[in-house]
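Worksheet: one structure, shown below.
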Amino acid sequence: MNINKPKFWDTKHQTFFSIFLLPISYFLQLLIFIKKFFITKKKFNVPIICVGNIYIGGTGKTPLAIKIFEFFKEKKNPVIIKKNYKNQKDEIELLNKYCKTILCKERSEGIKKAIEKKFDLIILDDGYQDLSFNKKLNIICFNTRQKIGNGQTIPAGPLRENLASLKYCNIVLINGSKDLNFENKLKKSNSDLKFFYFKYFFEKIDQFKNKKLIAFAGIGNPDNFFSLMKEHHLNVVEELSFPDHHDYTEKEIKNLFNLEEKYKAKLVTTEKDYLRISQYGRKRFGVLPIKIKFEDENKFIREVTEVIK
(Lines give C-alpha, C1' and ligand atoms only; values in the text may rest on other atoms or scores of the structure.)
Protein backbone atom coordinates (compact mmCIF):
# COMPACT_ATOMS: atom_id res chain seq x y z
CA MET A 1 0.00 0.00 0.00
CA ASN A 2 1.29 3.47 -0.90
CA ILE A 3 1.32 6.16 1.75
CA ASN A 4 1.83 9.91 1.72
CA LYS A 5 5.28 11.14 2.71
CA PRO A 6 5.39 12.40 6.31
CA LYS A 7 5.55 16.19 6.40
CA PHE A 8 8.43 16.15 8.90
CA TRP A 9 10.67 14.62 6.22
CA ASP A 10 10.93 17.98 4.50
CA THR A 11 11.33 20.25 7.52
CA LYS A 12 14.64 22.08 7.86
CA HIS A 13 14.90 21.24 11.56
CA GLN A 14 14.71 17.91 13.35
CA THR A 15 11.35 17.03 14.89
CA PHE A 16 10.32 14.60 17.62
CA PHE A 17 9.40 11.98 15.00
CA SER A 18 12.67 12.26 13.06
CA ILE A 19 14.72 11.99 16.27
CA PHE A 20 12.59 9.10 17.54
CA LEU A 21 13.15 7.17 14.28
CA LEU A 22 16.89 7.84 14.02
CA PRO A 23 17.98 4.51 15.63
CA ILE A 24 16.03 2.60 12.95
CA SER A 25 17.60 4.74 10.22
CA TYR A 26 21.09 4.09 11.57
CA PHE A 27 20.42 0.36 11.76
CA LEU A 28 19.14 0.19 8.17
CA GLN A 29 22.15 2.15 6.90
CA LEU A 30 24.45 -0.23 8.77
CA LEU A 31 22.80 -3.19 7.00
CA ILE A 32 23.31 -1.46 3.63
CA PHE A 33 26.96 -0.77 4.50
CA ILE A 34 27.58 -4.42 5.42
CA LYS A 35 25.76 -5.70 2.32
CA LYS A 36 28.13 -3.76 0.04
CA PHE A 37 31.06 -5.88 1.23
CA PHE A 38 29.44 -9.07 -0.09
CA ILE A 39 28.55 -7.79 -3.57
CA THR A 40 30.52 -9.03 -6.56
CA LYS A 41 30.18 -6.59 -9.46
CA LYS A 42 29.48 -7.87 -12.96
CA LYS A 43 31.03 -6.17 -15.98
CA PHE A 44 29.19 -5.66 -19.26
CA ASN A 45 30.65 -4.56 -22.59
CA VAL A 46 28.04 -1.90 -23.19
CA PRO A 47 27.84 1.65 -21.76
CA ILE A 48 25.33 1.91 -18.92
CA ILE A 49 23.86 5.23 -17.79
CA CYS A 50 22.03 5.17 -14.47
CA VAL A 51 19.45 7.88 -13.74
CA GLY A 52 18.75 7.56 -10.04
CA ASN A 53 18.21 9.44 -6.80
CA ILE A 54 18.88 9.32 -3.08
CA TYR A 55 15.82 11.44 -2.21
CA ILE A 56 12.72 9.23 -2.43
CA GLY A 57 10.38 10.08 -5.31
CA GLY A 58 9.56 13.27 -7.17
CA THR A 59 13.01 14.10 -8.52
CA GLY A 60 12.22 13.50 -12.20
CA LYS A 61 14.04 10.21 -12.88
CA THR A 62 11.58 8.86 -15.43
CA PRO A 63 11.16 12.01 -17.59
CA LEU A 64 14.94 12.47 -17.49
CA ALA A 65 15.55 8.89 -18.59
CA ILE A 66 13.12 9.51 -21.48
CA LYS A 67 14.91 12.76 -22.36
CA ILE A 68 18.33 11.06 -22.44
CA PHE A 69 16.85 8.32 -24.64
CA GLU A 70 15.63 11.02 -27.04
CA PHE A 71 19.06 12.68 -27.05
CA PHE A 72 20.81 9.53 -28.31
CA LYS A 73 18.21 7.63 -30.33
CA GLU A 74 19.49 9.05 -33.64
CA LYS A 75 23.16 8.19 -33.05
CA LYS A 76 22.86 5.04 -30.95
CA ASN A 77 20.43 2.19 -30.39
CA PRO A 78 19.41 2.91 -26.78
CA VAL A 79 17.02 1.08 -24.50
CA ILE A 80 15.65 1.88 -21.07
CA ILE A 81 15.76 -0.85 -18.46
CA LYS A 82 13.23 -0.71 -15.65
CA LYS A 83 12.83 -3.10 -12.76
CA ASN A 84 9.30 -4.47 -12.89
CA TYR A 85 7.75 -3.23 -9.66
CA LYS A 86 4.03 -4.04 -9.44
CA ASN A 87 3.19 -0.63 -7.95
CA GLN A 88 4.90 1.30 -10.77
CA LYS A 89 2.78 0.28 -13.75
CA ASP A 90 2.17 3.95 -14.51
CA GLU A 91 5.89 4.65 -15.01
CA ILE A 92 6.25 1.49 -17.07
CA GLU A 93 3.37 2.49 -19.34
CA LEU A 94 4.85 6.00 -19.67
CA LEU A 95 8.24 4.58 -20.68
CA ASN A 96 6.66 2.22 -23.21
CA LYS A 97 4.81 5.17 -24.74
CA TYR A 98 8.00 7.06 -25.59
CA CYS A 99 10.91 4.60 -25.60
CA LYS A 100 12.17 1.11 -26.27
CA THR A 101 11.95 -0.55 -22.88
CA ILE A 102 12.99 -3.79 -21.21
CA LEU A 103 11.31 -4.82 -17.96
CA CYS A 104 13.07 -7.24 -15.66
CA LYS A 105 13.08 -8.80 -12.20
CA GLU A 106 16.81 -8.19 -11.89
CA ARG A 107 18.62 -5.40 -13.74
CA SER A 108 21.57 -7.65 -14.62
CA GLU A 109 19.19 -9.98 -16.48
CA GLY A 110 17.69 -7.00 -18.27
CA ILE A 111 21.16 -5.86 -19.37
CA LYS A 112 21.95 -9.33 -20.72
CA LYS A 113 18.70 -9.32 -22.69
CA ALA A 114 19.51 -5.85 -24.07
CA ILE A 115 22.92 -7.03 -25.27
CA GLU A 116 21.34 -10.07 -26.93
CA LYS A 117 18.96 -7.72 -28.77
CA LYS A 118 21.91 -5.63 -30.02
CA PHE A 119 21.18 -2.46 -28.06
CA ASP A 120 24.38 -0.44 -27.68
CA LEU A 121 23.38 2.03 -24.95
CA ILE A 122 21.55 1.14 -21.74
CA ILE A 123 19.71 3.71 -19.66
CA LEU A 124 18.57 2.64 -16.21
CA ASP A 125 15.46 4.28 -14.80
CA ASP A 126 16.47 4.00 -11.13
CA GLY A 127 19.15 1.64 -9.87
CA TYR A 128 21.77 3.88 -8.25
CA GLN A 129 21.64 1.70 -5.14
CA ASP A 130 22.14 -1.47 -7.21
CA LEU A 131 25.89 -2.14 -6.96
CA SER A 132 25.80 -5.62 -8.53
CA PHE A 133 27.28 -4.35 -11.82
CA ASN A 134 29.47 -1.52 -13.11
CA LYS A 135 27.94 1.60 -14.63
CA LYS A 136 29.67 3.92 -17.04
CA LEU A 137 27.83 7.00 -15.77
CA ASN A 138 25.85 7.67 -12.58
CA ILE A 139 23.40 10.57 -12.61
CA ILE A 140 21.55 11.65 -9.46
CA CYS A 141 18.47 13.88 -9.54
CA PHE A 142 17.33 16.49 -7.03
CA ASN A 143 14.60 19.11 -6.85
CA THR A 144 15.42 22.57 -5.45
CA ARG A 145 12.11 22.67 -3.57
CA GLN A 146 12.82 19.57 -1.45
CA LYS A 147 16.62 19.21 -1.89
CA ILE A 148 17.52 16.63 0.79
CA GLY A 149 14.61 17.35 3.13
CA ASN A 150 15.68 17.11 6.76
CA GLY A 151 18.85 15.32 5.68
CA GLN A 152 18.04 12.03 7.40
CA THR A 153 17.67 8.58 5.87
CA ILE A 154 14.52 6.44 5.88
CA PRO A 155 12.43 6.31 8.07
CA ALA A 156 13.64 9.42 9.94
CA GLY A 157 13.91 11.32 6.64
CA PRO A 158 13.41 11.04 2.89
CA LEU A 159 16.89 9.86 1.85
CA ARG A 160 17.59 6.33 0.66
CA GLU A 161 21.25 6.82 1.57
CA ASN A 162 23.24 9.59 3.21
CA LEU A 163 25.21 12.12 1.15
CA ALA A 164 28.39 10.05 1.45
CA SER A 165 26.88 7.77 -1.22
CA LEU A 166 27.45 10.56 -3.76
CA LYS A 167 31.05 9.35 -4.06
CA TYR A 168 29.77 6.99 -6.79
CA CYS A 169 28.00 9.83 -8.65
CA ASN A 170 29.33 11.65 -11.74
CA ILE A 171 26.60 14.15 -12.60
CA VAL A 172 23.92 15.85 -10.51
CA LEU A 173 20.80 17.02 -12.33
CA ILE A 174 18.81 19.63 -10.42
CA ASN A 175 15.23 20.57 -11.19
CA GLY A 176 15.03 24.32 -10.56
CA SER A 177 17.17 27.43 -10.54
CA LYS A 178 20.90 27.51 -9.89
CA ASP A 179 21.77 27.04 -6.23
CA LEU A 180 25.48 27.36 -5.41
CA ASN A 181 24.95 26.73 -1.69
CA PHE A 182 23.31 23.39 -2.45
CA GLU A 183 26.07 22.51 -4.93
CA ASN A 184 28.74 23.23 -2.32
CA LYS A 185 26.88 21.10 0.23
CA LEU A 186 26.91 18.13 -2.15
CA LYS A 187 30.54 18.72 -3.18
CA LYS A 188 31.61 18.02 0.41
CA SER A 189 30.84 14.36 -0.37
CA ASN A 190 32.35 14.40 -3.88
CA SER A 191 34.38 17.37 -5.14
CA ASP A 192 34.31 16.01 -8.72
CA LEU A 193 30.55 16.33 -9.14
CA LYS A 194 29.33 18.14 -12.24
CA PHE A 195 26.04 20.02 -12.07
CA PHE A 196 23.36 20.62 -14.68
CA TYR A 197 19.95 22.25 -14.31
CA PHE A 198 16.60 21.61 -15.93
CA LYS A 199 13.03 22.82 -15.60
CA TYR A 200 9.63 21.31 -16.28
CA PHE A 201 7.15 22.76 -18.72
CA PHE A 202 3.69 21.71 -19.85
CA GLU A 203 2.74 20.63 -23.34
CA LYS A 204 -0.71 21.41 -24.80
CA ILE A 205 -1.46 23.99 -22.11
CA ASP A 206 -3.62 26.35 -24.20
CA GLN A 207 -6.72 24.18 -23.84
CA PHE A 208 -6.70 24.79 -20.07
CA LYS A 209 -6.18 28.54 -20.05
CA ASN A 210 -9.05 30.77 -18.86
CA LYS A 211 -10.81 27.76 -17.32
CA LYS A 212 -11.48 26.74 -13.73
CA LEU A 213 -9.42 23.65 -12.91
CA ILE A 214 -9.36 20.99 -10.19
CA ALA A 215 -5.84 19.57 -9.99
CA PHE A 216 -5.12 16.16 -8.49
CA ALA A 217 -1.94 14.08 -8.45
CA GLY A 218 -0.55 10.90 -6.95
CA ILE A 219 3.17 11.39 -7.62
CA GLY A 220 6.32 11.78 -5.53
CA ASN A 221 5.75 15.46 -4.83
CA PRO A 222 2.26 16.62 -5.89
CA ASP A 223 2.98 20.18 -4.67
CA ASN A 224 5.55 20.55 -7.44
CA PHE A 225 2.85 19.79 -10.03
CA PHE A 226 0.44 22.28 -8.45
CA SER A 227 3.14 24.97 -8.25
CA LEU A 228 3.99 24.48 -11.91
CA MET A 229 0.35 24.99 -12.84
CA LYS A 230 0.34 28.28 -10.92
CA GLU A 231 3.59 29.36 -12.58
CA HIS A 232 1.78 28.91 -15.90
CA HIS A 233 -1.05 31.14 -14.56
CA LEU A 234 -3.67 28.41 -14.66
CA ASN A 235 -6.79 28.95 -12.56
CA VAL A 236 -6.62 26.12 -10.01
CA VAL A 237 -9.60 26.26 -7.64
CA GLU A 238 -8.87 23.00 -5.78
CA GLU A 239 -5.80 20.80 -5.21
CA LEU A 240 -5.88 17.17 -4.10
CA SER A 241 -2.78 15.13 -3.22
CA PHE A 242 -2.55 11.33 -3.23
CA PRO A 243 0.37 8.95 -2.47
CA ASP A 244 2.93 8.16 -5.16
CA HIS A 245 1.71 5.51 -7.68
CA HIS A 246 -1.74 5.71 -6.10
CA ASP A 247 -4.44 3.31 -7.33
CA TYR A 248 -7.61 5.38 -7.39
CA THR A 249 -10.73 3.79 -5.94
CA GLU A 250 -14.22 4.18 -7.32
CA LYS A 251 -15.14 6.22 -4.24
CA GLU A 252 -12.25 8.64 -4.79
CA ILE A 253 -13.17 9.10 -8.44
CA LYS A 254 -16.80 9.80 -7.46
CA ASN A 255 -15.54 12.43 -5.00
CA LEU A 256 -13.58 14.04 -7.83
CA PHE A 257 -16.67 14.05 -10.03
CA ASN A 258 -18.64 15.67 -7.20
CA LEU A 259 -16.04 18.44 -6.96
CA GLU A 260 -16.23 18.84 -10.72
CA GLU A 261 -19.97 19.50 -10.40
CA LYS A 262 -19.56 21.72 -7.34
CA TYR A 263 -17.03 24.08 -8.93
CA LYS A 264 -18.16 23.66 -12.54
CA ALA A 265 -14.48 23.04 -13.26
CA LYS A 266 -12.30 20.68 -15.31
CA LEU A 267 -10.48 17.79 -13.63
CA VAL A 268 -6.77 17.89 -14.56
CA THR A 269 -3.94 15.56 -13.60
CA THR A 270 -0.46 14.34 -14.52
CA GLU A 271 0.29 11.93 -17.33
CA LYS A 272 1.20 9.17 -14.87
CA ASP A 273 -2.06 9.60 -12.97
CA TYR A 274 -3.96 9.73 -16.25
CA LEU A 275 -2.56 6.31 -17.16
CA ARG A 276 -3.81 4.88 -13.84
CA ILE A 277 -7.46 5.93 -14.23
CA SER A 278 -8.24 4.17 -17.52
CA GLN A 279 -10.91 2.00 -15.90
CA TYR A 280 -12.94 5.12 -15.10
CA GLY A 281 -12.89 6.55 -18.62
CA ARG A 282 -10.12 8.93 -19.51
CA LYS A 283 -12.16 11.31 -21.67
CA ARG A 284 -13.54 13.06 -18.62
CA PHE A 285 -10.06 13.95 -17.31
CA GLY A 286 -7.67 16.57 -18.61
CA VAL A 287 -3.97 15.69 -18.70
CA LEU A 288 -0.89 17.91 -18.57
CA PRO A 289 2.16 16.02 -19.90
CA ILE A 290 5.35 17.31 -18.30
CA LYS A 291 8.42 17.78 -20.46
CA ILE A 292 11.97 18.81 -19.62
CA LYS A 293 14.12 21.68 -20.82
CA PHE A 294 17.83 21.76 -19.95
CA GLU A 295 19.56 25.01 -19.05
CA ASP A 296 22.60 23.96 -21.12
CA GLU A 297 21.44 21.02 -23.19
CA ASN A 298 24.37 20.89 -25.63
CA LYS A 299 26.94 20.92 -22.83
CA PHE A 300 25.11 18.09 -21.06
CA ILE A 301 24.99 15.99 -24.24
CA ARG A 302 28.71 16.58 -24.85
CA GLU A 303 29.52 15.57 -21.28
CA VAL A 304 27.55 12.33 -21.51
CA THR A 305 28.85 11.53 -25.00
CA GLU A 306 32.45 11.94 -23.82
CA VAL A 307 31.91 9.39 -21.06
CA ILE A 308 30.01 6.70 -23.00
CA LYS A 309 31.89 6.77 -26.32
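The values are calculated or read from the model by the stated rules, or taken from the named source; none is laboratory data. Bear in mind the structure is a predicted one, so any value in this text is a computation, not a measurement. Every residue, glycine among them, receives a Cβ derived from its backbone with ideal geometry; neighbour counts consider all protein chains shown. Calculation scope for accessible area: heavy atoms of the full protein, side chains included, ligands and nucleic acids excluded. Shrake-Rupley method; radii C 1.70, N 1.55, O 1.52, S 1.80 Å.
Roughly speaking, what % of Cα-Cα pairs in the chain are separated by over 37 Å, rounded to a whole number? Everything past 37 Å amounts to 16 percent. Prolate is the label for segment 42-90, because a/c, from the alpha-carbon gyration tensor with a ≥ b ≥ c as root eigenvalues, is 1.5 or above and a/b exceeds b/c. Among beta bridges identified by DSSP and lying wholly in segment 202-309, the antiparallel ones come to about 5 percent. Among PRO63, PRO289, PRO78, the residue with the largest mean-square fluctuation in a Gaussian network model of the chain, with springs joining Cα atoms closer than 10 Å, is PRO289. For segment 241-288, what does the alpha-carbon gyration tensor say about shape, rounded, prolate or oblate, given a ≥ b ≥ c as the root eigenvalues, a/c under 1.5 as rounded, and a/b over b/c as prolate? Since a/c reaches 1.5 and a/b is larger than b/c, the shape of segment 241-288 is classed as prolate.
Heavy-atom accessible area for ASP223, with the other protein chains in place and a 1.4 Å probe, reaches approximately 90 Å².
Quick one: pull the percentage of alpha-carbon pairs in segment 132-222 with a separation above 22 Å. Pairs farther apart than 22 Å: 41 percent. The tail of the calculated P(r) for segment 101-158 beyond 18 Å holds 50 percent of all Cα-Cα pairs. Label-to-label distance, GLU106 versus GLU295, with points set 7 angstrom from Cα along the beta-carbon direction: 4.1 nm. Could you give the angle, 0 to 90 degrees to the nearest 10, between helix 61-72's Cα long axis and the longest principal axis of the Cα atoms of the chain? Helix 61-72 sits roughly 70 degrees off the main axis of the chain. With Cα atoms defining each centre, segment 148-217 and segment 24-57 are spaced 20 Å apart in the structure. Among the listed pairs LYS86/LYS262; LYS43/LYS291; LYS105/LYS299; LYS97/LYS209, those with a Cα-Cα distance over 28 Å are LYS86/LYS262; LYS43/LYS291; LYS105/LYS299. Classify segment 27-144 as rounded, prolate or oblate, taking a ≥ b ≥ c as the square roots of the eigenvalues of its Cα gyration tensor: rounded when a/c is under 1.5, otherwise prolate if a/b is larger than b/c and oblate if not. Oblate, since a/c reaches 1.5 and b/c is not below a/b.
For ASP10, what accessible surface area do you get with a 1.4 Å probe? Give it in Å², rounded to 10. In the full protein context, ASP10 sits at about 60 Å².
If every alpha-carbon in segment 113-268 counts as one equal scatterer, what log10 I(q)/I(0) does Debye give at q = 0.17, 0.20 1/Å? Once normalised to I(0) and log-transformed, intensities are -1.10, -1.25. Applied to segment 280-288, the Karplus parametrisation 6.51 cos²θ - 1.76 cosθ + 1.60 on θ = phi - 60° returns per-residue 3J(HN,Hα) values of 9, x, 6, 4, 7, 9, x, 10, 10 Hz, with x for Gly and Pro. Taking 25 °C and 0.890 mPa s as conditions, segment 88-133 diffuses translationally at an estimated 213 µm²/s according to Stokes-Einstein applied to its Kirkwood radius (Cα pairs). Around the amide H of LYS212, modelled in the peptide plane, lie the amide H atoms of LYS266, all under 5 Å away and 5 or more residues distant in sequence or on another chain.
Stretching LYS117 away from GLN14 to a fully extended chain increases their span by 32.1 nm, per 0.36 nm per residue minus the current alpha-carbon distance. Only beta bridges with both residues in the chain are counted; by DSSP, about 15 percent of them are antiparallel.
Scanning residues 5 or more positions from GLY286 or on other chains, those with amide H under 5 Å from its amide H are LEU267, VAL268, THR269, with H placed 1.01 Å from N in the peptide plane. Between ASN210, ASN134, ASN190, the residue with the greatest mean-square fluctuation in the GNM of the chain (Cα pairs under 10 Å linked by springs) is ASN210.
The residues of the chain present an accessible area of 52 Å² per residue when probed at 1.4 Å with all protein chains retained.
Rolling a 1.4 Å probe over the protein heavy atoms of the chain, with every protein chain left in place, gives an accessible area that is 52 percent carbon and sulfur. Measuring with a 1.4 angstrom probe and ignoring ligands and nucleic acids, LYS262 comes out at about 140 Å² accessible.
Taking the DSSP beta bridges in segment 44-167 as the whole, what percent of them are antiparallel, to the nearest 5?
Numbers: 1 of 18 bridges.
Here the share of antiparallel DSSP bridges comes out near 5 percent.
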